[in-house]
Every structure is written in C-alpha cells, then in structure tokens.
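S.K.: Take a look at this one; I'll ask things after.
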Amino acid sequence: MITMSTSAAAHAVTPSSILVVEDEQKTRDSLAEGLRLETWSVATAANAAEAVAQLERGVFDLVVLDRMLPDGDGLAVLRHLRTRGAQTPVLMLSARGELDDRVAGLEGGADDYLAKPFAFAELVARCRALLRRPVLSTGHFLRCGDLQLDTRARVAVRGAGEIPLSPREVDILEYLLRYQGQIVTREMLERDVWKQSRRMTSLDNVIDVQMMRLRRKIDGEQAERLIHTVRGIGYRMGQEAG
Ligand code: CA
C-alpha cells in the first residue's frame, strides 16, 4: 500500500516542521522563536542557497519564504521546489505589497502571500491554515514538464495548446500531478477520484479505459511521455522515462 505523508496523518504524531527563509537576522530569529512557541519544529535559512540546501536535505510541512534574498529572488527557491514536484505549502513574505508581487508569488506556485510589515498573529494564523490544508488541495497551477493544469479554471495546457478534457479527466490529471513522481494505484484513483471506499464492484476496467483516453490526450502526439504505466499496479506521472 502506497501512502503519502499528508499533513493530516503526520501531524497527529509529530510536530509540523517549518523552514523559515529570511535574510534579516532579527526577523529570522524572532520568527523562529515565535513559531517554536506554537510547538512547531523550525529550521532556518538566511539566503536562497541555504534554503535550497535545506529543502534538498529534509522534508518540511511548510516553507515561510522571504521574497527578497541577498543571493536571489525567493521565487527562484519556490521554482526549485516546484520543479522537483514538491507540493509543500509555501507562504511568501515580501516587503513589497504590490499586487504584481502577489500575483507573481501565487503564479510561481506560492500558496499564500503576506506583505511586510505584518502582525505575528496573522503569520501564525496563515501558517495554521496552510498546515491544516491537506496536501491534496494546495497549489493552484500544477506542472509537469511542458504540461500545466490550472486547478481553478480546470484548464490543461501542454506546450502551446489547450487540451480539451472531461471533468473526470481533469480530476484524474490533477491527482496524478499532485502525486507526481510517485506511484498512483488504481485503488487510490478509485478511493480519491471516484470516491468509492468499498470495492463492491471493481472499477479497474473503468479506470483503465479512462486512463487510456487521458493518456491519448496528454501524451498522444508528444515526443515525451508524462504518464507512465507501472505494470500491475497503476500509473506514475513524471518526466523521467519508464
Ligand atoms: Ca529580505
């Protein structure tokens, strides 16, 4: 049985782990101290390079990410995270509260955005909300290679072209994208997409037919396949071969 370490499951036993990326030492220290008082486990990074190193070493439930860092834009860190397929919620901080920054942050894959200066209580409330949110409902744009799904508009685009999908196909695609890099079993699709908890009659055939149609639409005329079959088990979405 393949399970994903969703926040809900992990939080019952271990404190949530938060990575705070902030270059200003005073702010960083007080954020870390305050968040620890909320009983969260906190790691810190003072610049983009440290943040990337931390993200490659450990798994976090949430990243609080300052936008302006001495060695680059926080958006680059965010992109790095999302390119690897991680759906970790990210709360962006910025001294600039302009709409453009907010839009850039959210389109870059951030889940929330807080303009400085902010009240610490507000930061805690936002963190709490993001940690509560199941992994399966974070993010707005999901990507894999040149495929992008806008989960709000429910529109899929690959390369330059929009791919017409049925509502069910959008649901499946979103699910595969959220679990990209991992094996998605038929049981998972049945439970989470078809919402059938009891297998009175197996949906395997229905699922296989739907998947065949979806793959034809997504990968049919493409050189690179994104949806792969894991023989006897299910499917995996990703850029890697196999
Ligand atoms: Ca800064």
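S.K.: Residues Ser30, Ser7: which one is away from the ligand (no atom under 12 Å from the Cβ), touching a strand residue (DSSP E or B) at 6+ places or on another chain (Cβ under 9 Å) and either small (Gly, Ala, Ser) or at pLDDT below 95 (or both)?
M.R.: Every option except Ser7 fails the conditions.
S.K.: While we're looking at this one, here's another question. Under 9 Å by Cβ, and 6 or more places apart or on different chains, what pairs join a residue from the stretch 58-72 that is at positive phi with one that is open to solvent by 20 Å² or more (accessible area, probe 1.4 Å) and not acidic (Asp, Glu)?
M.R.: Pairs found: Gly72/Asn47; Gly72/Ala49.
S.K.: Given (1) modelled with pLDDT of 85 or more; (2) within 29 Å of Arg231 (Cα to Cα), where does Lys116 come up short, assuming only one miss?
M.R.: Failing condition for Lys116: (2).
S.K.: Can I ask one more? Does any residue of the stretch 180-191 turn out to be within 27 Å of Thr88 (Cβ to Cβ), open to solvent by 20 Å² or more (accessible area, probe 1.4 Å), out of contact with any Cys (no Cβ under 9 Å at 6 or more places or on another chain) and among the acidic types (Asp, Glu)?
M.R.: Yes; the residues of the stretch 180-191 include at least one that is within 27 Å of Thr88 (Cβ to Cβ), open to solvent by 20 Å² or more (accessible area, probe 1.4 Å), out of contact with any Cys (no Cβ under 9 Å at 6 or more places or on another chain) and among the acidic types (Asp, Glu).
The values are calculated or read from the model by the stated rules, or taken from the named source; none is laboratory data. On a predicted model such as this, the values are computed, not experimentally measured, just so you know. When we count neighbours, we look across all protein chains shown, and the Cβ atoms used for this are built from the backbone with ideal geometry, even at glycine. Surface accessibility is based on the protein's heavy atoms, side chains included, excluding ligands, DNA and RNA. Shrake-Rupley method; radii C 1.70, N 1.55, O 1.52, S 1.80 Å.
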